[in-house]
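Scroll down for the structure; my scribbles are underneath it.
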Amino acid sequence: MLGPMEPSLIKFLLLAVAGWMNREQEAVIEYLREENRFLRMKLPRGRRIRFTDHDRRRLAVRAEALRRHVLRAVATVVTPDTLLRWYRQLVAKKYDGSARRRPGRPKTPVQLAALVVRMAKENSGWGYTRIRGALQNLGHRVGRSTIARILAEHGLDPAPERPLRWRTFLEAHWGAICAADFFTVEILTLRGLARRHVFFVIELESRLVELAGVVHEPHGDWMKQVVRNLTDPFDGFLLGTKYLILDRDPVYTKEVREMLLVEGVKVVRLPPRSPNLNAYAERFVGSIRRECLSKLIPLGDRHLRRAVFEFVRHYNAERNHQGLENRLIEPADAANGSGPIQRRKRLGGILSFYRREAA
């Protein structure tokens with residue numbers, strides 16, 4: 001039989017067993033920590049361990065039962081803050097009701113938003129209410145606030161602040177605007193290379209081109225004679241023209257501009273170094289260089305004049321233009337004949353036009 005020391009002995013034995021088990025658990029933990037360090041060292045440089053949502057959930061549940069200082073002592077793969085953050089996210093996900101939330105107001109269809117932007121760009125004076133009415137005519141019911149939001153997202157100002165587009169202005173005056181410009185060509189003479197200046201005028205609406213002259217060096221008197229020819233009351237190319245676009249070349253003297261104004265043609269002078277504002281004239285220059293002048297060597301003034309005049313005839317009557325829906329400007333021959341197909345060659349075949357002979 002046990003004496004009076006029995007409770008103390010039992011307590012001592014329990015403490016001894018608990019200490020032994022605690023040392024054993026610490027040894028296991030140290031081993032696992034060392035094993036984790038070893039496995040992390042085996043990972044390729046720069047690579048990290050990727051956890052799935054299932055992995056995070058399991059670690060977060062285990063970490064919740066431990067305190068921060070305990071986690072800091074045992075966690076080697078992730079930090080304690082990471083484990084606690086995962087656990088907070090796990091709790092928040094439990095009470096997340098967004099999946100059961102009813103849908104709100106549907107988004108504006110992309111096609112409808114594009115239509116709103118198109119109307120605003122094409123009509124600078126249309127406000128939100130005017131655009132709303134135009135959409136209603138097409139069967140779309142859109143609020144003013146929605147229209148305002150769409151225009152703001154696309155960087156468009158309200159109606160009073162939207163500037164008139166340059167294209168809209170040009171199209172409103174299309175049939176009364178012409179543009180003029182020079183381009184230079186090097187010709188081969190007995191004395192070597194010599195530069196010639198070619199002056200032309202183009203009608204913006206029809207793209208019709210008039211070759212005004214070829215000169216060694218343009219000057220004021222020569223320009224005055226050119227203006228007289230272009231504004232001739234019987235067959236001048238500028239008859240009916242209200243505006244003529246010119247650059248800042250000093251050859252367009254004050255006297256030349258006044259002569260045009262007397263004939264009812266107002267000169268629109270472009271800012272310096274702004275070829276994009278005279279795009280149609282620049283496009284013609286690119287076409288004649290690419291399709292004609294780059295394929296021949298002008299042998300003197302006569303050869304050059306013949307080449308540029310032949311190209312202008314081809315350009316006006318025989319060349320299809322993408323800006324005119326691939327049509328001819330002034331078709332010289334009927335395209336619906338029933339005879340055999342013939343090729344018209346200009347400049348030895350550099351320029352070609354195919355047509356049917358009349359039956």
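The values are calculated or read from the model by the stated rules, or taken from the named source; none is laboratory data. Remember, predicted model here, so these are calculated numbers, not experimental data. Glycine gets a Cβ as well: all are built from the backbone with ideal geometry, and neighbour counts include every protein chain shown.
General observations
- Residue match in region 301-317 (condition: on the phi < 0 side of the Ramachandran plot and in a loop (DSSP other than H, G, I, E, B)): no
- Boolean, Val226 is within 40 Å of the chain's Cα centre (by Cα) and either surrounded by 13 or more Cβ atoms within 10 Å (Cβ to Cβ) or outside the structural domain of Arg306 (by TED's automatic domain parsing) (or both): no
- Residue pairs whose Cβ atoms lie under 8 Å apart, separated by 6 or more positions or on different chains, with the first residue in region 215-231 and of a type outside the set (Ser, Thr, Tyr) and the second surrounded by fewer than 12 Cβ atoms within 10 Å (Cβ to Cβ), are His216/Arg195.
- Tally, over region 337-359, of residues that are part of a loop (DSSP other than H, G, I, E, B) and modelled with pLDDT under 80: 6
- Residue count for region 199-241, restricted to those that are farther than 19 Å from Glu330 by Cα and either acidic (Asp, Glu) or assigned to a helix (DSSP H, G or I) (or both): 13
- When we screen Asn320, Asn278 for residues that are under 20 Å from Leu244 (Cβ atoms) and polar (S, T, N, Q), the only hit is Asn278.
- Residues that are touching a His at 6+ places or on another chain (Cβ under 9 Å) and closer than 30 Å to Asn326 by Cβ within region 215-240 are absent altogether.
- In summary, Gly323 fulfils each of the numbered conditions (1) outside any strand (DSSP E or B); (2) touching a strand residue (DSSP E or B) at 6+ places or on another chain (Cβ under 9 Å) with the single exception of condition (2).
- Extreme residue, farthest from His321 (Cα to Cα), among residues of region 257-282 that are touching a residue at least 40 places away in the same chain (Cβ under 8 Å) and not aliphatic (A, V, I, L, M): Asn278
- Among the residues making up region 196-232, a single one is touching a Ser or Thr at 6+ places or on another chain (Cβ under 6 Å) and either closer than 16 Å to Arg313 by Cα or modelled with pLDDT of 95 or more (or both): His197.
- Residue check for Arg195: part of a helix (DSSP H, G or I) and among the basic types (Lys, Arg): no
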